[in-house]
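Just below is one structure, and these are the notes that go with it.
None of the figures in this text is laboratory data; all of them are computed from the coordinates on show. On a predicted model such as this, the values are computed, not experimentally measured, just so you know. Ideal geometry is used to build each Cβ from the backbone, glycine not excepted, and the neighbour counts take in all protein chains shown.
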Amino acid sequence: LSSSSSSVVSPSAPSASSSSLFLPLAVAASPRRAPSTALDAALASVDDWQFNAFDLDAASDHHPLSTLSFFLFHRMGLLRSFALQERDLVRYLIRIEQGYPNNPYHNKTHAADVLQGMHCILTQGGMIRRLGPEEGEQRKR
């Protein structure tokens, strides 16, 4: 993705080495539209067990964890639920992603793959219904 694209936002970089980080906000705004870019295509399978984290890594300019995290936060309505500011969340997710080492296995692509797997377990396995606001209200009683 380039900085000239109208579908991205360029957050203030936490360090000089991350000045080229971009996060696709427009993709998160309409996750069910027909894939028109490699990023859209990579995210189109987010609900499938056949999701390919390596495709997301390539399509997100090697920012798979922050991209997928933001996409899921937006799609699940968590920005609104927790009154999160997009820009602050983007900065936070990028910092987390920067903390992953560049090694062959336990890296940011693996973390994105684990996140997507948990997403499938929660949504397709029915766990998300047990974790909703109603559950919290029942616990208070």
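The phi torsions of segment 41-55, fed into the Karplus equation with coefficients 6.51, -1.76 and 1.60 and a -60° offset, translate into couplings of 5, 5, 7, 4, 9, 4, 8, 10, 5, 8, 3, 10, 5, 5, 5 Hz, rounded to whole numbers, with Gly and Pro shown as x.
Model label points for residue 106 and residue 121, set 7 angstrom from Cα along the Cα-to-Cβ axis, are 1.8 nm apart. Each residue of segment 56-72 is assigned a 3J(HN,Hα), and the resulting list reads 5, 4, 5, 6, 9, 6, 6, 10, x, 6, 5, 5, 5, 4, 4, 4, 5 Hz, derived from the Karplus form 6.51 cos²θ - 1.76 cosθ + 1.60 (θ = phi - 60°), x at Gly and Pro. Taking a ≥ b ≥ c as the square roots of the eigenvalues of the alpha-carbon gyration tensor, segment 38-130 is classed oblate because a/c is 1.5 or more while a/b is no larger than b/c.
Evaluating 6.51 cos²θ - 1.76 cosθ + 1.60 at θ = phi - 60° for every residue in segment 82-90, the Karplus couplings come out as 9, 6, 8, 8, 3, 4, 5, 5, 4 Hz, glycine and proline recorded as x. Using the Cα centre of segment 38-130 as origin and beta-carbon charges of +1 (Lys, Arg) and -1 (Asp, Glu), tell me which of 122, 65, 98 is placed farthest towards the positive end of the dipole. So the residue we want is 122.
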